[in-house]
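The values are calculated or read from the model by the stated rules, or taken from the named source; none is laboratory data. Everything quoted here is computed from the prediction, not taken from an experiment. Cβ placement follows ideal geometry from the backbone for every residue including glycine, while neighbour counts extend to all protein chains displayed.
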Amino acid sequence: MTTIKTSTNSILSKLKIKSLNEMQMSAIEAIDKNNNVLLLSATGSGKTLAYLLPLIKLLDPANTNTQAIIIVPSRELALQIESVFKSMGTDFKVTCCYGGHLRETEENNLKQPPALLIGTPGRLADHIRRGNITVNAIETLVLDEFDKSLELGFQAEMSFIIGSLRSITKKILISATKGLEIPAFVGIDDLITKDFLNDKDADTGLTVQALLSDGKDKSETLFRLICMLGNRPAIVFCNHRESVERTSQWLKEKDIVNVYYHGAMEQQERDAALCKFRNGTANILVTTDLASRGLDIAHIRYIIHYQLPGNEDIFTHRNGRTARMDASGTAILILSPEEKLPEYIDAGIEKIELPETPTLPAKPQWSTLFIAAGKKDKVNKIDIVGFLSNKGQLKKEDIGLIEAKDFFSFVAVRKVKVSHTLQLIKDQKLKNKKVKIAVAK
């Protein structure tokens, strides 16, 4: 069956976007007219859509081979791009390839080649070596956050992948960082650069503030700050995994509901933490800079730099989690008496004064249930809603965000309803199968 291409207006309607911004319109025009384009734009400005829209125009519905490939540095960014692509409502197949789960699952998905392939360098290179990816018809290459891929040491894998793609006619490079040297193996000639990072004084919707801590140990200051901010979503950035876990535990002991996230966690633990943060089970996410890129989390009001970023690029990427698109946000740097504001931050920024007496924020009203079945088990969001409504006697307003992964799912449920619901469904079957359902750890 020949796929009918979807118009840009129809796609924007499905994404609930009224119009494209200046960067997106300029990038689309450049990609349409040129074979080698570098797009520089801030995190959260809408770069993914800026290259997916012209990429879709390049896909041929009659071609049953893989036609485009997007290489990304992280699993999270791959899944975010896949989610956006699927939300655009085209009939083109897309497949994600990344480490941390079974390669065999991806091999089955690749037996029918997707029009678009998204993946991390290591896993994509592995599939190409095994002959799981047909590379002959791939004409469009996108390197999203290619600077991060280089920073993480994926040069050899990227060089191998690009060297294997003999039919590439269009290359699109994406970054939120300036002054990058493009490696020779990318094979770029006559590069057209669209730079939207130039205007440092442009109104980005981001407010930067400083908070002076009384002592070298900033834990109490962080606690009092969170109390002042209330129950609005905030991301707390630390520089090391040990600091993340220690800070998270400290806040927990102070009765602040939070989750933590870093690269040493098992993939299911990472998925659970992010889901709890997205669905309102926890309003505080304590994390390393792993969360500064590739995570699509809406409505983040505050970014807290509990430990100062190592450089300006890290500061920029951290802040990109808030003030996304046309929204506003606030970045707060906590400084000990020995610390000074980095030179790239205006010394005249507002200083925060904390109330003398902290008041604990209201507790989240949601809890997250883990369901040991997902998309590969033919279980989708509609199935989960129906099951919880019929067997668990939940009303529509008692069910929050649902995330169905390949082999498991998460669903937000009103905290006051959880115990009764689990009691009702403990002996029930989901799609004629007994499935483990419990409060997510």
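See the values below:
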{"item": "Within the range 52-102, considering residues that are over 26 Å from Tyr261 (Cβ atoms) and of a type in the set (Asp, Glu), the one surrounded by the most Cβ atoms within 10 Å (Cβ to Cβ)", "result": "Asp60"}
{"item": "Members of the range 389-433 found to be farther than 25 Å from Phe277 by Cα and in contact (Cβ under 8 Å) with a residue 40 or more places away in the chain, listed by number", "result": "Gln428, Leu430, Lys431, Lys433"}
{"item": "Failed condition for Ile182, given (1) part of a loop (DSSP other than H, G, I, E, B); (2) assigned by TED's automatic domain parsing to the domain that holds Ala264; (3) within 25 Å of the chain's Cα centre (by Cα)", "result": "(2)"}
{"item": "Selection count where residues are surrounded by fewer than 17 Cβ atoms within 10 Å (Cβ to Cβ) and touching a Cys at 6+ places or on another chain (Cβ under 8 Å), scope the range 394-416", "result": "1"}
{"item": "Those strands (runs of 3 or more DSSP E) lying entirely in the range 270-383 with at least 1 residues in the same structural domain as Thr421 (by TED's automatic domain parsing) and closer than 18 Å to Asn258 by Cα", "result": "366-371"}
{"item": "Criterion (closer than 30 Å to Arg270 by Cβ, in the same structural domain as His127 (by TED's automatic domain parsing) and more than 22 Å from the chain's Cα centre (by Cα)) met by exactly one of Asn108, Asn36", "result": "Asn108"}
{"item": "Subset of the range 140-173 (residues that are within 27 Å of the chain's Cα centre (by Cα), surrounded by fewer than 18 Cβ atoms within 10 Å (Cβ to Cβ) and part of a loop (DSSP other than H, G, I, E, B))", "result": "Leu152, Gly153"}
{"item": "Residue match in the range 254-268 (condition: more than 21 Å from Tyr344 (Cα to Cα), loosely packed, with under 15 Cβ neighbours inside 10 Å, in contact with a strand residue (DSSP E or B) (Cβ under 9 Å, 6 or more places away or on another chain) and modelled with pLDDT of 90 or more)", "result": "no"}
{"item": "The range 30-74, residues that are assigned to a helix (DSSP H, G or I), in contact with a strand residue (DSSP E or B) (Cβ under 7 Å, 6 or more places away or on another chain) and not hydrophobic (A, V, I, L, M, F, W, C)", "result": "Lys47, Tyr51"}
